[in-house]
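The values are calculated or read from the model by the stated rules, or taken from the named source; none is laboratory data. Just so you know, these numbers come straight off a predicted model, no measurement behind them. All Cβ positions, glycine included, derive from the backbone under ideal geometry; neighbour counts span all protein chains shown. Ligands, DNA and RNA are stripped out before the accessible areas are found, and what is left, the full protein with its side chains, is counted by its heavy atoms. Shrake-Rupley method; radii C 1.70, N 1.55, O 1.52, S 1.80 Å.
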Amino acid sequence: AVLNEVYVHPAARGAGVADDLLDAALAVARQQDLPLDRMVLDVDRENERAQTFYERHGFEHWGEMLARDV
């Protein structure tokens, strides 16, 4: 499963909204009738807050995404 673009308005940060969103995304992934065994996502290296959040929820570094302008 791929988690893409989670954003919490700054006024709602720190209230558990991101935790609830992630829990809901994981629940939807688990409910799929597909052979899913992991959830992947992309986090900018500069976004330490997001990296800490995902690591707290058990995400580990797994490869590296590459990109270029078209």
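Which ones in the range 24-40 are outside any helix (DSSP H, G or I) and open to solvent by less than 100 Å² (accessible area, probe 1.4 Å)? Hits for the range 24-40 are Gln32, Leu36, Met39, Val40.
Kindly provide the set of residues from the range 20-41 that are free of Cβ contacts under 8 Å to residues at least 24 places away in the same chain and of a type in the set (D, E, K, R), ordered by number. Answer for the range 20-41, where residues must be free of Cβ contacts under 8 Å to residues at least 24 places away in the same chain and of a type in the set (D, E, K, R): Asp20, Asp23, Arg30, Asp33, Asp37.
When you scan the range 60-70, do you find a residue that is part of a loop (DSSP other than H, G, I, E, B), surrounded by fewer than 10 Cβ atoms within 10 Å (Cβ to Cβ) and among the β-branched types (Val, Ile, Thr), even just one?
yes
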